[in-house]
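Student: The structure is given below, and queries will be raised subsequently.
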Amino acid sequence: MSAVEKAKQAAAKVAVTNHYPKDARWVGIGSGTTIVYVVEAIKALGVDTSATKYVPTGYQSKQLIINAGLTAVEFDGIPPGTILDVAFDGADEVDEDLNCIKGGGACLFQEKIVAMQAREFICVADHRKLQPRLLTNWKTIPIEVAPIAAHRVITKLQELGSIDPIIRPSASAKEGPLKTDQGFFIIDAPFPPMLIKSDLAAGQEGNGKESIWAVDVLSRKIKEIAGVLEVGIFSGLTGPEASAAGGIGGQRPVAAYFGMADGSVSVRKAQ
Ligand SMILES: O=C(CO)[C@H](O)[C@H](O)COP(=O)(O)O
């Protein structure tokens, strides 16, 4: 196993040890390569999972749950009003405020609704994902769009300052654009690194001047474009903050676990 895979595995083990609830009823399971180690760590706990339902964030995630011998219930099969005890997922990049970019695996819409249906959203990643600002190492924001509106959305993204947004192709060029589990397209929109809370506190405005955006502002602007189903920026309230405000579920993780290059696991908690 490579050092990066070992890092993901170590982070998953600590995240599951710290956040998998005793008597869990509903657990969100995200998408990607890191989440495989989360499911492995859940199995390794050796707890009785017979009464637990696992909510996938897409096709890969559902197969992962089933292949582990766990019970998968898709999002539309959750009884109305049910709150997931916890949701685990990976990320493409995480900033100092625990805002995330997700959607590298094209599952961002279901990942967001699952995270927002959970009491706690826990992010698990390796050290390459931890950066001071979003769009430092991961250069584009994935955006899920209705195919018929894709070119209109691209024009609107260019007006927001994105240089050369593209429709993500499928693995085989012959098949044309990649289609998500919803049958939508993904647009990957490059923007310069985004501002975080400490930049704003230091007087930078984040009003989009010179295309430098604050995370929440850009997320909202993209979401407002007709034709956009969801944007791969996970920011704003955490689950506990949302519940204190009388709602449920936040899209910003309450904690993020990073497997580090030296074998340790670094834990960041949302402020
Ligand atoms: O957002 C995602 C899929 O849409 C994944 O969580 C993200 O791409 C991280 O994947 P990996 O664990 O393979 O690095």
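Student: Averaged over every viewing direction, what's the projected area of the C-alpha convex hull for the chain? Give it in nm², one decimal, please.
Tutor: Averaged projected hull area, Cα only: 14.9 nm².
Student: Among all the aspartates and glutamates, which ones have a C-alpha under 19 Å from residue 6's C-alpha, if same-chain residues fewer than 8 places away are not counted?
Tutor: Reachable aspartates and glutamates: 40, 89, 92, 93, 126, 262.
Student: If you don't mind, another one. How many angstrom lie between the C-alpha centres of region 16-38 and region 78-130?
Tutor: With region 16-38 and region 78-130 each reduced to a Cα centre, they are spaced 11 Å.
Student: Right, something else. Over region 140-233, one equal point on each Cα, no solvent: what is log10 I(q)/I(0) by the Debye formula at q = 0.12, 0.14, 0.18, 0.22 Å⁻¹?
Tutor: Each listed q corresponds, in turn, to -0.39, -0.51, -0.77, -1.04.
Student: If the limit is 29 Å between Cα atoms, which of 156/197; 174/221; 156/269 go over it?
Tutor: 174/221; 156/269
Student: Could I ask something else about it? Once both axes come from the Cα atoms, what is the angle between helix 3-19 and the longest principal axis of the chain, in degrees from 0 to 90, rounded to 10?
Tutor: Approximately 70 degrees, to the nearest 10.
Student: Can I ask one more? Rounding to the nearest 20 debye, state how big the charge dipole of region 140-233 is about its Cα centre with +1 on each Lys and Arg Cβ and -1 on each Asp and Glu Cβ. Display every interim value, and only then the final one.
Tutor: On the way: 10 positive and 12 negative charges, 32 e Å.
That gives a dipole near 160 debye.
Student: Okay, next question. Considering only DSSP beta bridges with both partners in the chain, what is the antiparallel share in %, to the nearest 5?
Tutor: Taking every DSSP beta bridge within the chain, about 50 percent pair in antiparallel fashion.
Student: How far is helix 35-45 tilted off the main Cα axis of the chain, in degrees rounded to 10, range 0 to 90?
Tutor: That works out to roughly 20 degrees.
Student: Compute the distance from the alpha-carbon center of region 155-217 to that of region 225-271, in whole Å.
Tutor: The distance from the Cα centre of region 155-217 to that of region 225-271 comes to 18 Å.
Student: State the answer as a single residue: which of 246, 94, 171 lies farthest towards the positive end of the charge dipole of the chain, with beta carbon charges of +1 for Lys and Arg and -1 for Asp and Glu, about the Cα centre.
Tutor: Value computed over the given set: 171.
Student: How large is the charge dipole for the chain, taken about the Cα centre, if only the Cβ atoms of Lys, Arg (+1) and Asp, Glu (-1) carry charge, to the nearest 20 debye?
Tutor: 180
Student: Round to the nearest 0.05 the FRET efficiency obtained for residue 198 and residue 18 when R0 = 25 Å and r is the Cβ-Cβ distance.
Tutor: Calculated transfer efficiency: 0.40.
Student: Moving on. Between residue 182 and residue 59, what is the label-to-label distance in nm when each label sits 7 Å out along the Cα-to-Cβ direction?
Tutor: 1.7
Each reported figure results from applying straightforward, stated rules to the coordinates on display, with no laboratory input. Every value quoted in this text rests on a predicted model; they were computed, and no experiment measured them. Heads up, the Cβs are rebuilt from the backbone with ideal geometry, glycines too, and the neighbour counts pull from every protein chain shown.
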